Amino acid sequence: MDISTQSTQTSPPTPPPPTAEQKRAARGATRPGDRIFLGLSRGSGIFLLVIMAAIAVFLTYRATLAISKDEANFLTAFEWNTGTIPPKFGIAVLAYGTIVSSIIAMVIAVPIAVAIALFITHYAPRKLGGPIAYVIDLLAAVPSIVYGLWGALILVPQMEGLFGWLDNYFGWTGIFSWDDGPARSMLTVGILLAIMILPIITNVSREVFRQVPQMHEEAALALGATRWEVIRMAVLPFGRSGVISASMLGLGRALGETMAVATVLSPDFDIHLSLLNPGGGTFAQNIASKFGEASPFGRDALIASGLVLFVITLLVNGAARAIIARRKEYSGANA
């Protein structure tokens, strides 16, 4: 008599039926509205890349026409004479002035902006923090020419006392030596730029600090941490990436600011070791002041300097993205 044996192997478990939410999600993935939104979002991203590529191609083409006829070294020359034959022009002074003024602005603005954002979100009463935030929002909307007029008429005359003090105590360094000239220098431009980018960094940092999980702060307080220790251990690590992004937004405006710098600075084509003596120049200021009266070749030369500013901006933003990516795993966002 044959005895059939049953297989010891068990069949895989039957998956549970989809829930109502899963069914709605599956139907939503094929809805016309979702497909249209996906297409528009993807098209917008591609269109932005196309615009950036078109700008890069245009700048590169026009810059090549000018640089090919330049008799000086475009990257190191200390002059800008596009009307001579042969033309000689370079960006050494412009690059130095743009970078130095932006660094001064960032050194001044970032700590103050972060402190203001922390005060509004963690120290000030709501009745006081609201008006302060509103005033800062208004400062971000002030046109740059207004800042420039204020800087030329109010800031520059008031800077002479500070310049004299810096010259008396730190003039031996050479960086803060002053020849009693007008205070239309890189330090004045840096301070003006710091005032202009302060609202941008403050507003973004404030919104980032408001997103800190309440449980993180309450846990630190429960462990006996002071308010400053809560900020240092919970708030700042969580908001580090946001503060870096805010700083890069402010730096982008400082690098490309035009009218305010052109109104305050006394331009020349020399690199001054002292930050107090008048002179210097920036890419945007040089383009704004010379583009209207430039010849076709002179405009190509100015566009070549604009290409360098374009590349510097891309490098700065790329470096910021790299810093954020490396710091992301240490931020409180992943805790």
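Checking the structure you have, find out if any residue of segment 113-123 is buried (at least 16 other Cβ atoms within 10 Å of the Cβ), over 23 Å from the mean Cα position of the chain (by Cα) and not in a helix (DSSP H, G or I).
No.
If ARG321 passes every condition in (1) touching a strand residue (DSSP E or B) at 6+ places or on another chain (Cβ under 7 Å); (2) farther than 17 Å from ILE104 by Cα but one, which one does it miss?
(1)
Closer than 26 Å to PRO267 by Cα and either outside any loop (DSSP other than H, G, I, E, B) or modelled with pLDDT of 85 or more (or both) - does that describe any residue in segment 48-55?
No, segment 48-55 contains no residue that is closer than 26 Å to PRO267 by Cα and either outside any loop (DSSP other than H, G, I, E, B) or modelled with pLDDT of 85 or more (or both).
In segment 128-172, which residue that is touching a residue at least 40 places away in the same chain (Cβ under 8 Å) and of a type in the set (Phe, Trp, Tyr) is nearest to ALA113 (Cα to Cα)?
Per the stated criteria, the residue is TYR147.
How many residues are surrounded by 15 or more Cβ atoms within 10 Å (Cβ to Cβ) and at pLDDT 85 or above if we restrict to segment 220-232? Explain how you work it out, then say what you get.
Restricting attention to segment 220-232, the residues satisfying the condition of being surrounded by 15 or more Cβ atoms within 10 Å (Cβ to Cβ) are 220, 225, 230-231.
Narrowing the set further to residues that are at pLDDT 85 or above leaves 230-231.
Matching residues across segment 220-232 total 2.
Would you confirm, using the coordinates I've provided, whether ILE175 is touching a Lys or Arg at 6+ places or on another chain (Cβ under 8 Å) and either farther than 26 Å from HIS272 by Cα or not in a helix (DSSP H, G or I) (or both)?
no
How many residues are small (Gly, Ala, Ser), under 16 Å from ILE201 (Cβ atoms) and assigned to a helix (DSSP H, G or I) if we restrict to segment 124-144?
Final tally of qualifying residues: 2.
For a quick check of your reading of the model, give me the residue pairs whose first member lies in segment 91-103 and is within 13 Å of LEU309 (Cα to Cα), whose second is assigned to a helix (DSSP H, G or I) and β-branched (Val, Ile, Thr), with beta-carbon atoms closer than 7 Å and at least 6 apart or on different chains.
From segment 91-103, the pairs are ILE91/VAL308; ALA95/VAL308.
Suppose the filter is in contact (Cβ under 8 Å) with a residue 12 or more places away in the chain and either over 20 Å from ILE116 (Cα atoms) or in contact with a Cys (Cβ under 8 Å, 6 or more places away or on another chain) (or both); does ILE175 pass it?
On the way: in contact (Cβ under 8 Å) with a residue 12 or more places away in the chain: yes; either over 20 Å from ILE116 (Cα atoms) or in contact with a Cys (Cβ under 8 Å, 6 or more places away or on another chain) (or both): yes.
Judged against the criteria, ILE175 is a match.
Within segment 233-244, does at least one residue satisfy the condition of being free of Cβ contacts under 8 Å to residues at least 60 places away in the same chain, surrounded by fewer than 20 Cβ atoms within 10 Å (Cβ to Cβ) and assigned to a helix (DSSP H, G or I)?
yes
Determine which single condition VAL261 fails, assuming it passes every other condition in (1) modelled with pLDDT of 85 or more; (2) surrounded by fewer than 22 Cβ atoms within 10 Å (Cβ to Cβ).
So the condition that VAL261 fails would be (2).
The values are calculated or read from the model by the stated rules, or taken from the named source; none is laboratory data. Bear in mind that the values here come from a model prediction, so they are computed numbers and not experimental data. Every residue, glycine among them, receives a Cβ derived from its backbone with ideal geometry; neighbour counts consider all protein chains shown.
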